[in-house]
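*Asks:* Below you will find the structure I want to go over with you.
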Amino acid sequence: MTTISVVAIITAKPGTEDFVERALLNLIAPSQNDKGYIQYDLHRDMDKPNVFVFYENWESKELLDLHLQSTHLSNYQKQVEGMIESWDLKLMKKIS
């Protein structure tokens, strides 16, 4: 199996940053219990406080896919509906 790294960039709409941050923080504990979890770290941009970045590592693409279909991610999406300006998900593999 190949470890998969994820860089997820979430940009909250102005005025929703604090709510989105709390919702993102609430993803950490249940995600750490997902099968295949290695690392799941949330960051907030120091210059653009409405930009959040998750840096994640998962044991495999298959286990990442299970995480992406989890109830806690589905609930998060419902919570922040209409509050997200954009998001980008980069799947990466280590090459060195």
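The values are calculated or read from the model by the stated rules, or taken from the named source; none is laboratory data. Every value quoted in this text rests on a predicted model; they were computed, and no experiment measured them. Note that each Cβ is placed from the backbone with ideal geometry, even for glycine, and that neighbours are counted across all protein chains shown.
*Asks:* I'm told Phe52 meets every condition in (1) more than 14 Å from Trp87 (Cα to Cα); (2) not in a helix (DSSP H, G or I) except one. Can you identify the failing condition by its number?
*Replies:* Single failed check for Phe52: (1).
*Asks:* Give all pairs with beta carbons closer than 8 Å in which a residue from the stretch 81-95 that is closer than 18 Å to Lys61 by Cβ meets a residue that is assigned to a loop (DSSP other than H, G, I, E, B); count only pairs at least 6 apart in sequence or on separate chains.
*Replies:* These pairs meet every condition: Lys93/Thr2; Lys93/Thr3; Lys94/Thr3.
*Asks:* Which residue, of Glu59, Glu21, is in contact (Cβ under 8 Å) with a residue 24 or more places away in the chain and within 21 Å of Gly82 (Cβ to Cβ)?
*Replies:* Working: Glu59 fails: within 21 Å of Gly82 (Cβ to Cβ).
Sole residue among the options that is in contact (Cβ under 8 Å) with a residue 24 or more places away in the chain and within 21 Å of Gly82 (Cβ to Cβ): Glu21.
*Asks:* Residues of the stretch 5-18 being among the hydrophobic types (A, V, I, L, M, F, W, C) and either loosely packed, with under 13 Cβ neighbours inside 10 Å or without any contact (Cβ under 8 Å) to a residue 12 or more places away in the chain (or both), which ones? If you could, list the steps in order and put the result at the bottom.
*Replies:* Within the stretch 5-18, the subset among the hydrophobic types (A, V, I, L, M, F, W, C) is 6-10, 12.
Selection gives nothing.
*Asks:* So is Thr2 surrounded by 16 or more Cβ atoms within 10 Å (Cβ to Cβ), out of contact with any strand residue (DSSP E or B) (no Cβ under 6 Å at 6 or more places or on another chain) and touching a residue at least 60 places away in the same chain (Cβ under 8 Å) or not?
*Replies:* On the way: surrounded by 16 or more Cβ atoms within 10 Å (Cβ to Cβ): no; out of contact with any strand residue (DSSP E or B) (no Cβ under 6 Å at 6 or more places or on another chain): yes; touching a residue at least 60 places away in the same chain (Cβ under 8 Å): yes.
The answer is no for Thr2.
*Asks:* Which pairs do you get when a residue that is under 13 Å from Ala8 (Cβ atoms), found in the stretch 40-51, comes within reach of a residue that is modelled with pLDDT of 95 or more and part of a loop (DSSP other than H, G, I, E, B), reach meaning Cβ atoms under 7 angstrom, with the pair 6+ apart or on two chains?
*Replies:* Short answer, once both residue conditions are applied: Val51/Asp45.
*Asks:* Return the residues of the stretch 63-96 that are among the small types (Gly, Ala, Ser), exposed (fewer than 10 other Cβ atoms within 10 Å of the Cβ) and more than 13 Å from Ala12 (Cβ to Cβ); say none if nothing qualifies. If you could, list the steps in order and put the result at the bottom.
*Replies:* Going through the stretch 63-96, the residues among the small types (Gly, Ala, Ser) turn out to be 70, 74, 82, 86, 96.
Narrowing further to those that are exposed (fewer than 10 other Cβ atoms within 10 Å of the Cβ): 82, 96.
Of everything in the stretch 63-96, just one residue is among the small types (Gly, Ala, Ser), exposed (fewer than 10 other Cβ atoms within 10 Å of the Cβ) and more than 13 Å from Ala12 (Cβ to Cβ), namely Ser96.
*Asks:* A further question on this structure: Please pick out the residue among Asn26, Asn57 that is polar (S, T, N, Q), part of a helix (DSSP H, G or I) and surrounded by 14 or more Cβ atoms within 10 Å (Cβ to Cβ). First the steps, then the outcome.
*Replies:* On the way: Asn57 fails: part of a helix (DSSP H, G or I).
Result: Asn26 is the single residue among Asn26, Asn57 that is polar (S, T, N, Q), part of a helix (DSSP H, G or I) and surrounded by 14 or more Cβ atoms within 10 Å (Cβ to Cβ).
*Asks:* Follow-up. I need the full set of residues from the stretch 29-46 which are surrounded by fewer than 17 Cβ atoms within 10 Å (Cβ to Cβ) and assigned to a loop (DSSP other than H, G, I, E, B), in order please.
*Replies:* Residues satisfying the conditions are Asn33, Lys35, Asp45, Met46.
*Asks:* So if I check each of Val51, Val80, Val20, which one is in contact with an Asp or Glu (Cβ under 6 Å, 6 or more places away or on another chain), on the phi < 0 side of the Ramachandran plot and among the hydrophobic types (A, V, I, L, M, F, W, C)?
*Replies:* Val51
*Asks:* Out of curiosity, is Tyr76 in contact with a helix residue (DSSP H, G or I) (Cβ under 9 Å, 6 or more places away or on another chain) and closer than 15 Å to Arg22 by Cα?
*Replies:* Here the answer is yes, as Tyr76 does meet what is asked.
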